[in-house]
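To start, the structure itself, in structure tokens.
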Amino acid sequence: IPKHLSMGLLNGLTSDIPLPAAVPLDYRYWYLAGGANTGHGWASWNSPAGQAVTNYINESNARNLSTAFVYYQIIQSAPHYNEYANLNDPAVMRAYYDDFKLLMQKIVASNARGRVLINIEPDLNGVMQQHPSNKADDAALQSTSVASSGQTDGQAFPNTFRGFYQALAHIRDVYAPNVLLGLDVSQWGAG
């Protein structure tokens, strides 16, 4: 990560960046959304599955930019379209973890020159902090389908909101250890 204030371009085409760049940019970032199990998520945006991510990283590399993805899938996943309900549905979470694994594999396969940053589910921490299931602001006390999802990479982690993040970090560690993971801190969460 640069040791200076970094600038980025949201969802922009590299052709939109003037040469030479009037503003030095470090990142391009793109929301990956649409739901993990809907057939309309990021993995379906090009063929073969996940090609849009590979193309985006390659275009960033060509302009010497690092890539950031905002991974925003949980609320848009079927059938609940609700964060807490989806987090507690084993079938949804299996699809979610499989989708995240595919993302890690596509990033590695793209040979990203710069670091790739994944911002995981903005707003989710605030939503879970405000949810009635929040006990003493302890993510280890909030239920989430992790091991119960049946997804192989999540089997070692508890069925808790803390386990949710542990499983995502494990999937990253196994398939794309150079990817940086980030979380939003929600000022509107639980105080």
Inset, instruction - Working from Cα positions, state the angle (0 to 90°, nearest 10) between the long axis of helix 51-62 and the longest principal axis of the chain. - result: 40 degrees
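As an exercise, use a Förster radius of 25 Å and the Cβ-Cβ distance of HIS80 and ASP138 to find the FRET efficiency, rounded to the nearest 0.05. Provide the component values of the computation, followed by the final result.
Values: r = 24 Å, r/R0 = 0.95.
Working from the Cβ atoms, E equals 0.55.
Show me the chymotrypsin sites (Phe, Trp or Tyr not before Pro) within segment 43-121 that DSSP assigns to loop and that have at most 14 other Cβ atoms within 10 Å of their Cβ.
Working: sites: TRP45, TYR56, PHE69, TYR71, TYR72, TYR81, TYR84, TYR96, TYR97, PHE100; in loops: TRP45, TYR81.
Sparse-neighbourhood loop chymotrypsin sites (Phe, Trp or Tyr not before Pro): TYR81.
Using a Förster distance of 25 angstrom, determine the FRET efficiency expected from the C-beta separation of ASN58 and ASP16, and round it to 0.05.
0.95
For n ≥ 4 DSSP H runs only, could you compute -39500 (n - 2.57) per run for the chain, divide by its residues and tell me the 222 nm figure to the nearest 500? Mind dumping the intermediate values first?
Values: 5 runs with 59 residues, N = 191.
Here the helix-only value at 222 nm equals -9500 deg cm²/dmol.
By how many nm would the segment from VAL23 to THR38 lengthen if fully extended, with 0.36 nm per residue of separation less the alpha-carbon distance?
Details: separation 15, 0.36 × 15 = 5.40 nm, distance 3.80 nm.
Here the segment from VAL23 to THR38 would lengthen by 1.6 nm.
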Inset, instruction - Taking 7 Å along the Cα-to-C-beta vector as the label spot, tell me the THR152-SER6 distance in nanometres, rounded to one decimal. - result: 3.2 nm
Inset, instruction - Compute the Cα gyration tensor for segment 44-191, then decide on rounded, prolate or oblate, letting a ≥ b ≥ c be the square roots of its eigenvalues: rounded whenever a/c is under 1.5, prolate when a/b is larger than b/c in the other cases, and oblate in all that remain. - result: prolate
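When the chain is fully extended, how far beyond the present Cα-Cα distance does GLN51 get from ASN178, taking 0.36 nm per residue of separation? If you can, show how the numbers build up before the last one.
Working: separation 127, 0.36 × 127 = 45.72 nm, distance 1.98 nm.
Full extension from GLN51 to ASN178 adds 43.7 nm.
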Inset, instruction - Whole number in Å², please: accessible area per residue of segment 32-191, 1.4 Å probe, ligands, DNA and RNA not counted. - result: 44 Å²
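The values are calculated or read from the model by the stated rules, or taken from the named source; none is laboratory data. The model shown is predicted, which means the values in this text are computed figures rather than measured ones. As a convention, Cβ positions derive from the backbone with ideal geometry for all residues, glycine included, and neighbour counts pool all protein chains shown. In case anyone asks, the SASA skips ligands and DNA or RNA and just uses the protein heavy atoms, side chains included. Shrake-Rupley method; radii C 1.70, N 1.55, O 1.52, S 1.80 Å.
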